[in-house]
Amino acid sequence: MNILIAPNAFKNSLGAAEAAEAIREGLMESKLQCKCYCFPVGDGGDGTAELILHHCNGVTLQAEVNDPLGRKINSSFGLIDNDKTAVIEMSNASGLRLLQANELNPLHANSYGTGELIKHALEKGVSKIILCIGGSATVDGGVGILQALGFRFFNKKGEELKIIPESLVELDRIEFSETDKRIMLCKIVVLCDVENVLLGKEGAAYVFGPQKGADPAAIIKLEAALTKLRDVVFRQSGKDMALIKQGGAAGGTAASLAVLLNAELVNGIEHFLSITGFDDFLKKATIVITGEGCIDMQTLQGKGPYGVARRAKKKGLRVIGLAGEISLASRTSLQQYFDVLLSINHETIELSEALKQTRQNLKQTATIIGKELALQIS
């Protein structure tokens, strides 16, 4: 029996690679006669770039950039495809994990540091950039990135906007003349793990603002800022950022990069699986185990386990899905992709405690799975 172990990260608890190893260890403890292949996956969320570099034998380079609040930090990006393609993790420069809880302020947090990582990549002569945008601390519509690349944003008085995104409500025009010409010659692929649009109740401010520290008053201000950005961009380019599916990803970063940098927005997990050679591992497998923190209807909108399961089912393989939480209301829809869905939490405890026990619970659940599989083939 060849078991392909391909989990996503368990958010706020365990990275994808650690989750895969915990599952492997549990299967080994079960004494099941099998070979295990670990293939941790990412769907554009925090940690995806590191996994791409691992699977594609990339190299990692260090770079100094600004964090979301403008403080200098040491960051990194990677190169693959014989150094022709850069892989950039937005959260390495503009991520929530770079801020303390009391520092969260999406009215002031910006994506400038991610733009600096892009410039560092351009200095290496890349012709393509893969940008993984999950885990950002920003709802600035990608304006910080654009500023780092030479775009300039002015109010009606001709003054350049300073506090981004709060001051975007004053935006009157965007100046393109100083834009780094190299970026317009570079293919940009943005990995998205959500389908939200830029504006409205399902948009960047209302859905992602609270996760990044925005209270109800701040959400209204962020929505107004993104609306003004959309209006000015539409007036100057004739392109409507608000109509772009996935445009709300990373606080509207996806929408602005699509319109102003001609970036291609892609389903994160599908692109990840394609470029990392996942199908070659599927050919070896007789069963697939995947998972993440929560499996529900949102999983079917393009999250990691869905991408893994969809490809596995096309090959006629059985799929086991593991999660800390599984939506009972979504089971019927999920069952066309997952043969078995198991919660790794074996007792009712507080979420904070459950997160601490993720590794242990994954290992324990995998041991149970191994014993059950052993019984089936004995």
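The values are calculated or read from the model by the stated rules, or taken from the named source; none is laboratory data. These figures come from a predicted structure and were not determined experimentally. So basically every Cβ, Gly included, is an ideal-geometry build from the backbone, and we count neighbours across all protein chains shown.
The rows are residues; the columns are (1) of a type in the set (A, V, I, L, M, F, W, C); (2) closer than 26 Å to ARG359 by Cα; (3) in contact with a strand residue (DSSP E or B) (Cβ under 6 Å, 6 or more places away or on another chain).
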| position | (1), (2), (3) |
| --- | --- |
| PHE234 | yes, no, no |
| MET241 | yes, no, no |
| LYS245 | no, no, no |
| THR276 | no, yes, no |
| GLY321 | no, yes, yes |
(message) I'd like the full set of residues that are within 11 Å of GLY113 (Cα to Cα) and acidic (Asp, Glu), limited to the stretch 51-88.
(response) GLU64, ASP67
(request) Run down GLY304, GLY316 and say which single residue is in the same structural domain as ASN8 (by TED's automatic domain parsing) and in contact (Cβ under 8 Å) with a residue 12 or more places away in the chain. (result) GLY304
(request) Within the stretch 65-76, count every residue that is farther than 17 Å from GLY142 by Cβ and under 19 Å from the mean Cα position of the chain (by Cα). (result) 2
(request) Say whether the condition of being on the phi < 0 side of the Ramachandran plot, in contact (Cβ under 8 Å) with a residue 24 or more places away in the chain and touching a Phe, Trp or Tyr at 6+ places or on another chain (Cβ under 8 Å) is met by at least one residue in the stretch 198-208. (result) no
(message) Take GLY252 and tell me if it is in the same structural domain as ILE326 (by TED's automatic domain parsing) and either more than 23 Å from ILE183 (Cβ to Cβ) or buried (at least 22 other Cβ atoms within 10 Å of the Cβ) (or both).
(response) no
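Just the residues that are assigned to a loop (DSSP other than H, G, I, E, B) and crowded, with 16+ Cβ neighbours inside 10 Å, please, taken from the stretch 313-338.
Those that are assigned to a loop (DSSP other than H, G, I, E, B) and crowded, with 16+ Cβ neighbours inside 10 Å: LEU317, SER327, TYR337, PHE338.
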(request) Could you tell me which of the residues ALA101, ALA109, ALA121, ALA93 is at pLDDT below 95, under 22 Å from the mean Cα position of the chain (by Cα) and among the small types (Gly, Ala, Ser)? (result) ALA101
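Would you pick out the residues in the stretch 96-133 that are part of a strand (DSSP E or B) and buried (at least 24 other Cβ atoms within 10 Å of the Cβ)? Can you show your working first?
Residues of the stretch 96-133 part of a strand (DSSP E or B): 128-132.
If the condition is that a residue be part of a strand (DSSP E or B) and buried (at least 24 other Cβ atoms within 10 Å of the Cβ), then ILE130, LEU131, CYS132 are the ones that fit.
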(message) Just to confirm my filter: which strands (runs of 3 or more DSSP E) fall fully inside the stretch 185-302 and include at least 1 residues that are modelled with pLDDT of 95 or more and in contact with a Cys (Cβ under 8 Å, 6 or more places away or on another chain)?
(response) 187-192, 264-267
(message) Just the residues that are surrounded by 20 or more Cβ atoms within 10 Å (Cβ to Cβ) and part of a loop (DSSP other than H, G, I, E, B), please, taken from the stretch 48-66.
(response) GLY58
(request) Sort out which residues of the stretch 169-178 are surrounded by 17 or more Cβ atoms within 10 Å (Cβ to Cβ) and assigned to a loop (DSSP other than H, G, I, E, B), and write them in order of number. (result) LEU171
